[in-house]
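Quick notes on the structure that follows.
The values are calculated or read from the model by the stated rules, or taken from the named source; none is laboratory data. Predicted, not measured: the structure shown is a model, and the values here were computed from it. As a convention, Cβ positions derive from the backbone with ideal geometry for all residues, glycine included, and neighbour counts pool all protein chains shown. Side chains are part of the model used for accessible areas, which takes the heavy atoms of the whole protein and leaves out ligands, DNA and RNA. Shrake-Rupley method; radii C 1.70, N 1.55, O 1.52, S 1.80 Å.
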Amino acid sequence: MSLQSIYIVSVPRSGSTLLTNMLDAYEDVICPPESFFPAVLDQLEDREMADHRKVAALFVVSCSDGSPLTLEEAETCIRQDKQETLDALAIAIATKLGRDPATLRTVIWKFTRMVGSWRFVSDCGGKFIILHRNLLNVYESQFRVPFGEKNRNPLRFAFFAASYDVAFAAYPNGRVLALDYADMPARMGEILSWIGSAGRKREASVGTLDAISEKNPWHANINKPFDNKDAEKLQNLTLWQSKGFSLGYAILKKLTPLTRQARRLADQRQMRALRHQATELLKKS
């Protein structure tokens, strides 16, 4: 089965989980929970694909909301061909959730880390939705999630955000749909057409995000209707926080070589961490 592969990328806390949940409601679309695995494959050499169990372990640990497949289930999906591996994983996830793989036309992976590692999926015909959100709102959200603690300094977050911009600027223009968070509901018809969906909703609301992502407190409202409260959330920021971020971001946007190197090093650091986690998982299995 050949599936159209779509990749949603964004700065974390930009609404990518909400978008994938909205798209997963359609019968010919499957949206696995957030996973850095497509970016992991970009960094794996072909010879490494021969170790199916190690690659399966990398898939499991790269699912930031929790893996929908066990290590053994994931291992049966690993192929020498990387794109075939992604398709097999999507079909296995759909089957486990009671979805009919025969109805699927599109698989949507989303990842908010390792966003500079995209060339493999692009070479295989993948298309990208780059989701943007007012960065002050994204910064404000760092104070409401435990994993945002390090990014609560406005200058650090400005550096973080600028490194994403430089990565996104390199994506192939002909395969990118730029989307703003506030426009998601109004542009849904356009999005569905662009990803190759017929636009028919499933009768049941059972989906991967319902089963996994909503268990995390930062996804508590994932199944509620879209309600953009960004304007009022901006009031939570102090003047120093908003001005400090805006000034730092304006400066760092001009320092492209620095932010490009920072993004590359961040991707490499994340990959090293995943390799370590995969090794530890295999020791326990």
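Of everything in segment 231-270, what is of a type in the set (Ser, Thr, Tyr), under 30 Å from residue 118 (Cβ atoms) and either at pLDDT below 95 or surrounded by fewer than 18 Cβ atoms within 10 Å (Cβ to Cβ) (or both)? Give them in sequence order. Within segment 231-270, 246, 256 qualify. Of everything listed in (1) surrounded by fewer than 21 Cβ atoms within 10 Å (Cβ to Cβ); (2) farther than 24 Å from residue 270 by Cβ; (3) at pLDDT 95 or above, the single unmet condition for residue 159 is (2). Filtered by the rule that a residue be at pLDDT below 95, outside any loop (DSSP other than H, G, I, E, B) and farther than 25 Å from residue 136 by Cβ, segment 176-225 gives 201, 208, 209, 210, 211, 214, 215.
Identify all residues within segment 34-88 that are in a loop (DSSP other than H, G, I, E, B), farther than 15 Å from residue 111 by Cβ, of a type in the set (S, T, N, Q) and touching a residue at least 24 places away in the same chain (Cβ under 8 Å); write none if there are none. Hit for segment 34-88 is 80, nothing else. Just one of the listed residues (127, 96) is of a type in the set (D, E, K, R) and at pLDDT below 95, namely 96.
Is it fair to say residue 60 is over 18 Å from residue 4 (Cα atoms), among the β-branched types (Val, Ile, Thr) and buried (at least 17 other Cβ atoms within 10 Å of the Cβ)?
Judged against the criteria, residue 60 is a match.
Every residue in segment 3-42 that is open to solvent by 10 Å² or more (accessible area, probe 1.4 Å) and within 14 Å of residue 85 (Cβ to Cβ), please. Result: 3, 42.
I'd like the full set of residues that are under 18 Å from residue 63 (Cβ atoms), of a type in the set (A, V, I, L, M) and assigned to a helix (DSSP H, G or I), limited to segment 95-144.
121
Determine, yes or no, whether residue 69 is surrounded by fewer than 24 Cβ atoms within 10 Å (Cβ to Cβ) and in contact with a Phe, Trp or Tyr (Cβ under 6 Å, 6 or more places away or on another chain). For residue 69, the condition - surrounded by fewer than 24 Cβ atoms within 10 Å (Cβ to Cβ) and in contact with a Phe, Trp or Tyr (Cβ under 6 Å, 6 or more places away or on another chain) - is not met.
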